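Asks: First the structure, then my questions, so here it is.
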Amino acid sequence: MSRIEKVIDKSHWNRREHFEHFSALDDPFFGVTVNIDCTKAYRQAKEKGISFSLLVLHRIITTACKVEEFRYRIDGDDIVCYDSLVPEATIARADHTFSFASFEYDADENLFIQKAKTEIERLQHTTGLNKSDTFHPNAIHYSAVPWFTFTDMKHPTNMRSGDSVPKISTGKFFREGERLLMPVSITCHHGLMDGYHIGKFIELLDL
């Protein structure tokens with residue numbers, strides 16, 4: 001079960017003015033898109049006979065949890081830090097609609113993938129968005145876009161709700177020499193983090 005690890009003391013927070021400045025904007029989110037080498041993850045998924053997409057998702061969530069700022073959320077007048085993250089994703093159906101999904105995180109990537117596959121199979125036989133089981137405050141919103149590569153990604157946000165959830169998307173991988181590269185879009189609330197923190201995430205992400 002996820003819990004709040006700590007409440008940020010804004011009166012002594014070195015980002016207090018940054019938070020106040022960006023939170024006053026109509027859209028305080030910023031984002032970057034980078035090409036990440038996914039050669040190893042693709043090879044490992046093929047060797048193990050497991051889902052490449054779910055393996056990537058597990059490693060993204062595991063990495064995001066290591067960067068504290070990815071666990072910060074705005075909660076009313078407070079800024080809280082959760083002790084863990086919940087991966088929430090979009091699941092494609094045969095009729096070209098999709099469902100929201102919430103997966104139970106497990107440090108063991110094989111167990112995570114197994115449980116996630118079961119949930120995906122269930123959701124593929126449903127209709128609608130499945131909103132009642134998603135939108136946890138400590139989520140990372142993830143979407144795989146395997147149909148094309150991209151150099152940028154615009155995510156919908158709801159400023160009226162005080163949205164502060166990071167959003168990460170991956171695109172279709174492509175070959176560059178002997179390497180497979182995949183575009184990864186990371187979008188975050190600028191009041192809670194800067195490019196430095198996204199840089200830490202990219203540096204730690206081992207695909």
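The values are calculated or read from the model by the stated rules, or taken from the named source; none is laboratory data. Model, not experiment: these values are computed from the prediction. Positions of Cβ are backbone-derived with ideal geometry, glycine not excepted, and every protein chain shown enters the neighbour counts. What goes into the accessible areas is simple: the full protein's heavy atoms, side chains included, and nothing from ligands, DNA or RNA. Shrake-Rupley method; radii C 1.70, N 1.55, O 1.52, S 1.80 Å.
Asks: For the structure I just gave you, tell me whether residue 80 is over 19 Å from residue 170 (Cα atoms), hydrophobic (A, V, I, L, M, F, W, C) and open to solvent by less than 70 Å² (accessible area, probe 1.4 Å). Write out each step before concluding.
Replies: Working: over 19 Å from residue 170 (Cα atoms): yes; hydrophobic (A, V, I, L, M, F, W, C): yes; open to solvent by less than 70 Å² (accessible area, probe 1.4 Å): yes.
Yes, satisfied.
Asks: Hey, another quick one. Suppose the filter is within 27 Å of residue 32 (Cα to Cα), in contact (Cβ under 8 Å) with a residue 40 or more places away in the chain and open to solvent by 70 Å² or more (accessible area, probe 1.4 Å); does residue 152 pass it?
Replies: The answer is yes for residue 152.
Asks: Then there is this: Which of the numbered conditions does residue 142 fail, given that it passes all the others? Conditions: (1) hydroxyl-bearing (Ser, Thr, Tyr); (2) in a loop (DSSP other than H, G, I, E, B); (3) modelled with pLDDT of 95 or more.
Replies: For residue 142, the exception is condition (2).
Asks: Looking at the range 93-129 only, could you name the residues that are under 21 Å from residue 166 (Cα atoms), out of contact with any Asp or Glu (no Cβ under 7 Å at 6 or more places or on another chain) and open to solvent by 30 Å² or more (accessible area, probe 1.4 Å)? Break it down into steps so the answer makes sense when it comes.
Replies: Within the range 93-129, the subset under 21 Å from residue 166 (Cα atoms) is 98-107, 112, 116, 129.
From the residues that got through so far, the ones that are out of contact with any Asp or Glu (no Cβ under 7 Å at 6 or more places or on another chain) too are 98-99, 104-107, 116, 129.
Selection gives 98, 104, 105, 106, 107, 129.
Asks: Inside the range 191-207, can you point out the residues that are in contact (Cβ under 8 Å) with a residue 60 or more places away in the chain and surrounded by fewer than 19 Cβ atoms within 10 Å (Cβ to Cβ)?
Replies: Step one: list which residues in the range 191-207 are in contact (Cβ under 8 Å) with a residue 60 or more places away in the chain, which gives 191-195, 197-198, 200-202, 204-207.
Answer for the range 191-207, where residues must be in contact (Cβ under 8 Å) with a residue 60 or more places away in the chain and surrounded by fewer than 19 Cβ atoms within 10 Å (Cβ to Cβ): 194, 195, 197, 200, 202, 204, 206.
Asks: Among the residues of the range 45-90, what is the count of those that are assigned to a helix (DSSP H, G or I) and either in contact with a His (Cβ under 9 Å, 6 or more places away or on another chain) or charged (D, E, K, R) (or both)? Steps first, answer last, please.
Replies: First, the residues of the range 45-90 that are assigned to a helix (DSSP H, G or I): 45-48, 52-66, 68-71.
With the extra rule that they be either in contact with a His (Cβ under 9 Å, 6 or more places away or on another chain) or charged (D, E, K, R) (or both), the set shrinks to 46-48, 59, 66, 68-71.
Qualifying residue count, the range 45-90: 9.
Asks: I've got another one for you. Any residue in the range 105-119 that is more than 26 Å from residue 180 (Cα to Cα) and among the hydrophobic types (A, V, I, L, M, F, W, C)? Talk me through it step by step, then tell me what you get.
Replies: First, pick out the residues of the range 105-119 that are more than 26 Å from residue 180 (Cα to Cα): 105-106, 115, 118-119.
Filter again for among the hydrophobic types (A, V, I, L, M, F, W, C), leaving none.
Looking through the range 105-119, none of the residues is more than 26 Å from residue 180 (Cα to Cα) and among the hydrophobic types (A, V, I, L, M, F, W, C).
Asks: Which members of the range 65-91 meet the condition of being in contact (Cβ under 8 Å) with a residue 40 or more places away in the chain and more than 25 Å from residue 20 (Cβ to Cβ)?
Replies: 66, 83, 84, 85, 86, 87, 88, 89, 90 - these are the residues of the range 65-91 that are in contact (Cβ under 8 Å) with a residue 40 or more places away in the chain and more than 25 Å from residue 20 (Cβ to Cβ).
Asks: Say whether the condition of being more than 16 Å from residue 166 (Cβ to Cβ) and either modelled with pLDDT of 95 or more or among the polar types (S, T, N, Q) (or both) is met by at least one residue in the range 60-77. If you could, list the steps in order and put the result at the bottom.
Replies: Keep residues of the range 60-77 that are more than 16 Å from residue 166 (Cβ to Cβ), which gives 76-77.
Retained after the next criterion (residues that are either modelled with pLDDT of 95 or more or among the polar types (S, T, N, Q) (or both)): none.
There is no residue in the range 60-77 that is more than 16 Å from residue 166 (Cβ to Cβ) and either modelled with pLDDT of 95 or more or among the polar types (S, T, N, Q) (or both).
Asks: For the range 5-44, name all the residues that are open to solvent by 70 Å² or more (accessible area, probe 1.4 Å), part of a strand (DSSP E or B) and of a type in the set (A, V, I, L, M, F, W, C).
Replies: Within the range 5-44, just 7 meets the criteria.
Asks: Is there any pair with a first residue in the range 120-135 that is closer than 15 Å to residue 86 by Cα and in contact (Cβ under 8 Å) with a residue 60 or more places away in the chain and a second that is of a type in the set (Asp, Glu) and open to solvent by 40 Å² or more (accessible area, probe 1.4 Å) whose Cβ atoms are under 8 Å apart and which are 6 or more apart or on different chains, and what are they?
Replies: Sorted first by the residue in the range 120-135, then by its partner, the list stays empty.
Asks: I'd like the residue in the range 155-177 that is among the small types (Gly, Ala, Ser) and open to solvent by 50 Å² or more (accessible area, probe 1.4 Å) and, out of all such residues, is farthest from residue 29 (Cα to Cα).
Replies: So in the range 155-177, the residues among the small types (Gly, Ala, Ser) come out as 161-162, 164, 169, 171, 177.
Among the residues that remain, those that are also open to solvent by 50 Å² or more (accessible area, probe 1.4 Å) are: 161, 177.
On the way: 161: 14, 177: 34 Å.
By that ranking, first place goes to 177.
Asks: Could you tell me whether residue 41 is without any contact (Cβ under 8 Å) to a residue 12 or more places away in the chain and either under 24 Å from residue 131 (Cβ atoms) or among the hydrophobic types (A, V, I, L, M, F, W, C) (or both)? Don't jump to the end; show me each part of the working.
Replies: Working: without any contact (Cβ under 8 Å) to a residue 12 or more places away in the chain: no; either under 24 Å from residue 131 (Cβ atoms) or among the hydrophobic types (A, V, I, L, M, F, W, C) (or both): yes.
No, not satisfied.
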